[in-house]
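Down below is the structure, laid out as C-alpha cells.
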Amino acid sequence: MQVRLDFYKACPGGTRAMLALEETIGKSSIDKTLAELVRIRASQLNGCAFCLDMHVSDARQHGETERRLATIAAWREAPFFTARERAALEWTEAVTLVAQTRVPDDVWEAVKPHFSEQEIGDLTLLIVAINGWNRIAVSFRKLPE
C-alpha cells in the first residue's frame with residue numbers, strides 16, 4: 001500500500017484544528033486509559049492500522065494489560081472490562097457506526113448511569129476525534145511507522 005497524501009503538509013490548518021481538538025480532549029474528564037480503549041475500539045471498527053498501532057502503544061504506556069488489549073475486539077465476551085468501560089465501548093461502537101445504528105435509545109440508557117452529562121459530552125467528542133483521525137489516515141493510506 002502506498003501513502004496517497006501527507007495530510008499534515010497538505011492541510012496544515014486542518015492539522016492544527018485537529019491537534020487543538022486533541023488538546024481539549026486531553027484536558028477532559030475522561031481518564032487516559034479509558035480514552036485509549038475508546039480510540040482502539042473505534043480504530044478497529046474503522047480498520048485504521050496507523051491509529052491502532054499508535055493507541056495500543058499509548059495504552060501500554062498508560063499501564064493497560066496485554067490481556068485486555070488482546071480482547072478489546074470481543075469486549076462483550078471478555079470478563080476483563082468494568083461496567084463503565086463496557087458502557088463507553090458500547091457508546092463508541094454506536095457513535096462510530098452512526099449511519100447504521102442511529103445511536104439507539106438502549107445504548108443511551110446504558111451509558112447514562114456510568115457517566116455524567118459532561119463526561120458523556122467529553123466521551124462523544126473523543127469518539128468524534130478518533131473517527132476523524134481514522135478517516136484521514138485510512139483515506140490517505142497513512143501507515144504505521
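One residue stands out in the stretch 77-98 among those that are small (Gly, Ala, Ser) and within 18 Å of LEU126 (Cα to Cα): the one that is nearest to the chain's Cα centre (by Cα), namely ALA88.
Residues in the stretch 19-34 that are in a helix (DSSP H, G or I), within 14 Å of the chain's Cα centre (by Cα) and not acidic (Asp, Glu) were compared, and the one that is farthest from GLU66 (Cα to Cα) is LEU21. For the stretch 98-139, the candidate set comprises residues that are polar (S, T, N, Q) and free of Cβ contacts under 8 Å to residues at least 12 places away in the same chain; within that set, the residue that is surrounded by the fewest Cβ atoms within 10 Å (Cβ to Cβ) is GLN100.
Looking across the stretch 35-65, just one residue is more than 23 Å from ASP122 (Cα to Cα), of a type outside the set (Ser, Thr, Tyr) and part of a loop (DSSP other than H, G, I, E, B), and that is GLY47.
Anything in the stretch 26-53 that is surrounded by fewer than 17 Cβ atoms within 10 Å (Cβ to Cβ), over 12 Å from LEU89 (Cα atoms), of a type outside the set (Asp, Glu) and touching an Asp or Glu at 6+ places or on another chain (Cβ under 9 Å)? List them, or say none. Of everything in the stretch 26-53, those that are surrounded by fewer than 17 Cβ atoms within 10 Å (Cβ to Cβ), over 12 Å from LEU89 (Cα atoms), of a type outside the set (Asp, Glu) and touching an Asp or Glu at 6+ places or on another chain (Cβ under 9 Å) turn out to be SER28, SER29, LYS32, THR33.
Might you check whether a residue that is under 15 Å from LYS32 (Cα atoms), exposed (fewer than 15 other Cβ atoms within 10 Å of the Cβ) and under 14 Å from the mean Cα position of the chain (by Cα) occurs anywhere in the stretch 54-69? There is at least one residue in the stretch 54-69 that is under 15 Å from LYS32 (Cα atoms), exposed (fewer than 15 other Cβ atoms within 10 Å of the Cβ) and under 14 Å from the mean Cα position of the chain (by Cα). Selection of the stretch 6-23 for residues being in contact with a helix residue (DSSP H, G or I) (Cβ under 8 Å, 6 or more places away or on another chain) and either exposed (fewer than 11 other Cβ atoms within 10 Å of the Cβ) or not acidic (Asp, Glu) (or both) yields PHE7, TYR8, GLY14, THR15, MET18, LEU21. Does the stretch 66-79 include one or more residues that are part of a helix (DSSP H, G or I), of a type in the set (D, E, K, R) and either in contact (Cβ under 8 Å) with a residue 60 or more places away in the chain or touching a helix residue (DSSP H, G or I) at 6+ places or on another chain (Cβ under 6 Å) (or both)? Checking the stretch 66-79: not a single residue is part of a helix (DSSP H, G or I), of a type in the set (D, E, K, R) and either in contact (Cβ under 8 Å) with a residue 60 or more places away in the chain or touching a helix residue (DSSP H, G or I) at 6+ places or on another chain (Cβ under 6 Å) (or both). The set of residues in the stretch 111-145 that are among the charged types (D, E, K, R) and either in contact with a Cys (Cβ under 8 Å, 6 or more places away or on another chain) or at pLDDT 95 or above (or both) comprises LYS112, GLU117, GLU119, ASP122, ARG135, ARG141, LYS142. For ALA42, the criteria (1) more than 21 Å from ARG86 (Cα to Cα); (2) under 11 Å from the mean Cα position of the chain (by Cα) hold in every case but one, which is (1).
Among residues that are within 20 Å of ASN46 (Cβ to Cβ), basic (Lys, Arg) and modelled with pLDDT of 95 or more, ARG84 is not included.
The values are calculated or read from the model by the stated rules, or taken from the named source; none is laboratory data. On a predicted model such as this, the values are computed, not experimentally measured, just so you know. Cβ coordinates were reconstructed from backbone atoms using ideal geometry, including for glycine residues, and neighbour counts include every protein chain displayed.
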